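The values are calculated or read from the model by the stated rules, or taken from the named source; none is laboratory data. None of the values given here were measured: they were computed from a predicted structure. So basically every Cβ, Gly included, is an ideal-geometry build from the backbone, and we count neighbours across all protein chains shown. To get the accessible areas, we keep the full protein, side chains included, count just its heavy atoms, and leave off ligands, DNA and RNA. Shrake-Rupley method; radii C 1.70, N 1.55, O 1.52, S 1.80 Å.
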Amino acid sequence: MTAAVPIQGNRFVIIGGASLVGSATAAELLDAGAGEVVLFDNFAFGSEEAIAHLRDNPRLRLVRGDVMRLPDLLQALEGAQGALLLAAHMTLSMDRDPWGGLDVNVRGVQNALEACRVNKVRKAVFASSNAVYGYGPGVKGDLVEGMPFHSAGSPPAAVIYGATKIIGEALCADYRKKHGLDYVVLRYCTVYGERQHYRATNALYIIETLDKVRRGERPQVLGDGSETKHFVYVGDLARANRMAFEAAATGVAVNASGPAPVTTLELVRLVTKMAGGGPEPEFIPEDPGRVRLTTGGAFDIRHDAAERLIGWTPRVGMEEGIRRLIAWRDGNEPKPAR
Ligand SMILES: NC(=O)c1ccc[n+]([C@@H]2O[C@H](COP(=O)([O-])OP(=O)(O)OC[C@H]3O[C@@H](n4cnc5c(N)ncnc54)[C@H](O)[C@@H]3O)[C@@H](O)[C@H]2O)c1
C-alpha cells in the first residue's frame, strides 16, 4: 500500500501551526485544495499576526491547545489524514529554558504521535533540523543523511536541541515499527522568508541586519564573516511539507535545504544591498546574547535525497527570498489566493 496522502479534500493538522513554517504550509495546503487545515498552537511563540493573512479562509481553523496535554491533541486530530509536527523550542529558547524545551520537543512529539495513532492519521511529517549533525570541528563538507551527530565542540543548547530532534525522528520510526504509522522526516536548515521571527540564531543574520540597516545602524558580523550558513526559503519548505504528504515514501529522513550555502559576510552584504544600501558591517568577536553555531569549515547541506524520495528541490535563491521577506516587512506582500 502506498503512503501517499493526496491534499485535495483531506484534513490536515499543523501542530505548532501559528508559526513561520506553519503559516506558509497552511497556505500551501489550502492552495492545493485541502478540505480543512487546522492550526493547533498554544501561542508560546506563535502569534495571531503570523496567521492573520489566512484567517478569512473558511477552510482554516485555529485550535488553541498544548502538546503537553494529550487530550487536546486527541481531539484536534480527529478525522485528520495528515499531521505536520512543528511545535518545538529551537536552540535559543532551549538555551533559555531547557526544561520547557525538553518537554515540548520530546514528550510533545510523543503525545502528537500517540494522537496520530489513536486517530488513525495516515501520515505524519516531522520537522527535524540539520542540528542532528551537530556543530564544531567534525562538521564540514557535504552534509548527507547518514552523517553522525557531532556533539564535541557544539554549545550545550545546540547539543540538547539536536538530540531532541534525533529523539523525535526515532519516535517516528518507533511508531512506524510498532503501529504502522507512515511518516517522513524533513531536516530543515535555517528557514527565512515572510513572517520571519527572531527565534532562530542563524536567521538573525537576515532579520537583524535588515532592521539595523533600516535604522541606519551598522549590521554586525560575528568573527571574520567566513562562516558558512545554509538557508531555505519558507515557501520552498512549505512545498516540501506538502510533497512529503503526497509522496509514496515512508520511514525516511531527508534534508531540506536551499539551492546553495552562503557565508555570513556575503549574506549581510546581500541583505544590506537588497534593503537599499547602508553602512559597512561591523565585525564583532562574540555576541553574548547569541548561541554561536560554528563548524569545522565550509559545508553544503545536500538535498539530493529529498529529490530522489519526495521529488523536491528548492527553487528560490537567497536574493529572491530576501526580496520577498523585505516586501512582506514593508507591507507589500501579494495577497494569498483563496
Ligand atoms: N526556523 C528555523 O530556522 C528552523 C530550522 C530547522 C528546523 N526548524 C524546526 O521547524 C519547526 C518550525 O519552525 P518555526 O521557525 O516555524 O518555529 P516557530 O517558533 O515559529 O514555531 C513553533 C510553534 O510551536 C508552538 N508551540 C510551542 N510550544 C507549544 C506547545 N507546548 N503546544 C503547542 N504549540 C506549541 C509555538 O507557539 C510556535 O507557533 C520547529 O520544529 C523547528 O525546530 C526550524
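Some points to look at:
- Matching residues in the stretch 68-84 - criterion: being outside any loop (DSSP other than H, G, I, E, B) and open to solvent by 10 Å² or more (accessible area, probe 1.4 Å): Leu70, Pro71, Asp72, Leu74, Gln75
- Qualifying residue in the stretch 196-218 (condition: in contact with a Leu (Cβ under 9 Å, 6 or more places away or on another chain), of a type in the set (Lys, Arg) and crowded, with 21+ Cβ neighbours inside 10 Å): no
- Residue selection: Asp103 satisfies the criterion of being within 11 Å of the ligand (Cβ to nearest atom), out of contact with any Gly (no Cβ under 8 Å at 6 or more places or on another chain) and open to solvent by 60 Å² or more (accessible area, probe 1.4 Å).
- Unmet criterion (only one of (1) open to solvent by 20 Å² or more (accessible area, probe 1.4 Å); (2) under 22 Å from the mean Cα position of the chain (by Cα); (3) over 25 Å from Arg214 (Cβ atoms)) for Gly296: (2)
- Some residue of the stretch 234-243 being acidic (Asp, Glu) and open to solvent by 30 Å² or more (accessible area, probe 1.4 Å): no
- Count of the stretch 106-144 residues, restricted to those that are more than 14 Å from the ligand (Cβ to nearest atom), farther than 25 Å from Arg302 by Cα, in contact (Cβ under 8 Å) with a residue 24 or more places away in the chain and open to solvent by 20 Å² or more (accessible area, probe 1.4 Å), is 5.
- Of residues in the stretch 9-54 being of a type in the set (D, E, K, R) and at pLDDT 95 or above, the one nearest to the ligand (Cβ to nearest atom): Asp41
Conditions tested, residue by residue: (1) without any contact (Cβ under 8 Å) to a residue 40 or more places away in the chain; (2) open to solvent by less than 20 Å² (accessible area, probe 1.4 Å); (3) in contact with a His (Cβ under 6 Å, 6 or more places away or on another chain).
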residue	(1), (2), (3)
Asn10	no, no, no
Ala18	no, yes, no
Val21	no, yes, no
Glu28	no, no, no
Val38	no, yes, no
Phe43	yes, no, no
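- Filtered residue count, the stretch 274-298, keeping only those that are outside any loop (DSSP other than H, G, I, E, B) and under 16 Å from Tyr192 (Cβ atoms): 1
- Residue count for the stretch 244-270, restricted to those that are open to solvent by less than 30 Å² (accessible area, probe 1.4 Å), in contact with a Ser or Thr (Cβ under 9 Å, 6 or more places away or on another chain) and β-branched (Val, Ile, Thr): 3
- So Ile14, is it assigned to a helix (DSSP H, G or I) and open to solvent by less than 10 Å² (accessible area, probe 1.4 Å): no
- Wholly within the stretch 181-265, strands (runs of 3 or more DSSP E) carrying at least 1 residues that are touching a strand residue (DSSP E or B) at 6+ places or on another chain (Cβ under 8 Å) and closer than 30 Å to Val5 by Cβ: 182-188, 190-192, 231-233, 252-256
- Screening Arg215 on (1) among the basic types (Lys, Arg); (2) under 27 Å from Leu102 (Cα atoms); (3) without any contact (Cβ under 8 Å) to a residue 12 or more places away in the chain shows it passes everything except condition (2).
- Every listed requirement among (1) more than 9 Å from the ligand (Cβ to nearest atom); (2) surrounded by 15 or more Cβ atoms within 10 Å (Cβ to Cβ); (3) of a type outside the set (Gly, Ala, Ser) is met by Pro58 save one, (2).
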